[in-house]
Amino acid sequence: MKNPIRVAVTGAAGQIGYSLLFRIASGAMFGPDQPVILQLIEAPVEKALKALEGVVMELDDCAFPLLQGVVQTSDASVGFKDANWCLLVGAKPRGPGMERADLLKDNGRIFIEQGRIIDAVAATDARVAVVGNPANTNCMIAASQARRLPADRFTAMVRLDQNRARTQLARKAGVHLTQVRDIFIYGNHSPTMFPAFAHATVSGRPATSVITDNAWLQGPFCEAVGKRGAAIIAARGASSAASAANALVDHVRSLMTPGAIHSIAVKSNGHYGFDANVWAGMPVITTTPGSYEVITGYAMDAFAQSKIAATNKELVEERSFVAEMLG
Ligand code: NAD
Ligand code: LMR
């Protein structure tokens with residue numbers, strides 16, 4: 001029997017948590033022979049903690065053979081203790097009339113504290129994946145507090161956007177989505193993100209030679225992927241949850257699978273024209289479980305460069321809103 005992986009999850013009683021925890025406990029994230037211990041962290045709010053109790057009762061009732069323990073707490077230093085993976089899902093949602101800068105600052109305070117505590121108490125091999133919005137900048141903020149853990153351990157999720165883009169391309173080409181490969185997301189998890197269709201393939205051919213409607217690729221396709229989150233909120237009355245949890249399972253599983261090529265948001269070192277020290281989506285290849293290298297070789301045409309410049313501008317702006325908090 002392998003040693004269990006300790007997985008800390010914030011916002012564990014929220015919508016995404018409700019789809020995510022059962023997938024982790026069933027083996028979907030780390031494999032069918034990998035035991036896990038779930039360390040569930042909620043805000044110190046009576047209603048949320050009560051809801052978490054109910055979720056843990058349901059985990060018990062699933063009798064998952066791989067689930068070796070569950071911690072439930074509102075104390076982050078307990079929840080992140082010795083965690084191998086820290087999944088930062090919980091965040092303050094945008095309230096009515098709230099400016100983006102206010103949201104960034106409110107969440108900034110949460111992610112500064114969580115980054116500091118993770119750095120102090122998590123396992124030496126700890127990896128962090130941020131989902132709570134604004135995910136890229138929250139990830140940058142958490143990483144800014146780390147002195148022990150290197151910055152490349154902190155990633156934010158753009159996999160939902162990659163999955164969305166893949167499905168849209170498959171629909172347009174009239175093929176099954178398994179025929180669509182190498183569609184990667186650049187930049188922010190926001191409507192400015194860029195799904196780089198020119199590098200994608202459909203049934204082994206360049207996507208642009210199968211989908212020759214370039215106006216669709218540059219316009220409605222990019223827009224549909226970028227605004228899919230808002231479309232789901234408009235239809236469901238709530239943010240995407242099951243598909244977001246599924247994307248986080250994909251994000252972590254790909255990061256644990258050497259040779260996997262996928263999009264994650266990572267610290268920029270100037271790749272593809274992103275400012276150094278913003279966390280931007282880009283393609284990576286997993287090298288060893290939990291580690292990766294950025295794939296730097298994709299050529300960008302003028303259209304791609306303008307899209308990357310726009311999403312980079314937004315990331316730099318978000319960073320400037322929280323600059324004074326970073327210390
Ligand atoms: P939700 O409101 O249902 O749940 C969030 C939970 O986080 C709540 O239970 C809340 O009590 C908890 N929480 C708040 N502050 C916390 C803290 N400091 N510590 C621990 N827990 C805390 O929201 P949800 O639908 O689960 O979504 C969670 C986040 O994920 C939101 O920010 C949402 O916008 C984001 N999201 C991101 C993506 C993506 O692709 N990156 C996709 C969908 C949703
Ligand atoms: C999504 O892409 O579905 C979410 O990030 C939308 C949101 O604002 O929660």
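The values are calculated or read from the model by the stated rules, or taken from the named source; none is laboratory data. Owing to the predicted nature of the structure, the values given are computational and were not obtained by experimental measurement. Quick reminder, even Gly has a Cβ in these numbers, built from the backbone with ideal geometry, and neighbours come from all protein chains shown.
Filter the range 182-205 down to the residues that are part of a loop (DSSP other than H, G, I, E, B) and small (G, A, S) and list them by number.
Result: S190, A196, A200, S203, G204.
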So which residues in the range 29-43 are farther than 12 Å from A13 by Cα and assigned to a loop (DSSP other than H, G, I, E, B), if there are any at all? M29, F30, G31, P32, D33, Q34, P35
Among the helices (runs of 4 or more DSSP H) confined wholly to the range 206-273, which include 1 or more residues that are more than 16 Å from ligand 2 (Cβ to nearest atom) and surrounded by 14 or more Cβ atoms within 10 Å (Cβ to Cβ)? 207-210, 242-255
Sort out which residues of the range 124-152 are buried (at least 24 other Cβ atoms within 10 Å of the Cβ), away from ligand 2 (no atom under 16 Å from the Cβ) and either without any contact (Cβ under 8 Å) to a residue 60 or more places away in the chain or more than 27 Å from A241 (Cα to Cα) (or both), and write them in order of number. V128, A142
Residue pairs meeting the criteria (Cβ under 6 Å; at least 6 apart or on separate chains; first within 27 Å of L255 (Cα to Cα) and without any contact (Cβ under 8 Å) to a residue 12 or more places away in the chain, in the range 293-319; second surrounded by fewer than 20 Cβ atoms within 10 Å (Cβ to Cβ) and of a type in the set (K, R)): none
The range 54-71, residues that are surrounded by fewer than 15 Cβ atoms within 10 Å (Cβ to Cβ) and either within 16 Å of ligand 2 (Cβ to nearest atom) or under 29 Å from D119 (Cβ atoms) (or both): G69
Given the conditions (1) within 16 Å of ligand 2 (Cβ to nearest atom); (2) on the phi > 0 side of the Ramachandran plot, which single one is not true for G97? (1)
Restricting attention to the range 79-123, which residues are without any contact (Cβ under 8 Å) to a residue 12 or more places away in the chain and among the β-branched types (V, I, T)? none
By residue number, the members of the range 72-103 that are part of a helix (DSSP H, G or I) and either under 16 Å from E42 (Cα atoms) or away from ligand 1 (no atom under 12 Å from the Cβ) (or both) are A76, S77, V78, G79, R100, A101, D102
Confirm whether N163 is in contact with a helix residue (DSSP H, G or I) (Cβ under 8 Å, 6 or more places away or on another chain), within 13 Å of ligand 1 (Cβ to nearest atom) and part of a helix (DSSP H, G or I). yes
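Would you check if L104 is within 16 Å of ligand 2 (Cβ to nearest atom) and either modelled with pLDDT of 95 or more or of a type outside the set (V, I, T) (or both)?
So L104 fits the description; yes.
Tell me, which residue of the range 2-44 that is at positive phi and over 16 Å from the mean Cα position of the chain (by Cα) is surrounded by the fewest Cβ atoms within 10 Å (Cβ to Cβ)?
First, pick out the residues of the range 2-44 that are at positive phi: 11, 27, 31.
Retained after the next criterion (residues that are over 16 Å from the mean Cα position of the chain (by Cα)): 27, 31.
Working: G27: 17, G31: 14.
This residue is G31.
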Check the range 72-87 and report whether any residue there is buried (at least 22 other Cβ atoms within 10 Å of the Cβ), farther than 30 Å from T208 by Cβ, within 16 Å of ligand 2 (Cβ to nearest atom) and modelled with pLDDT of 95 or more. yes
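May I ask you to list the residues in the range 274-304 that are among the aromatic types (F, W, Y) and surrounded by fewer than 19 Cβ atoms within 10 Å (Cβ to Cβ)?
The first filter runs over the range 274-304 and keeps only residues among the aromatic types (F, W, Y), leaving 274, 279, 292, 298, 303.
Listed by number, the residues that qualify are Y298, F303.
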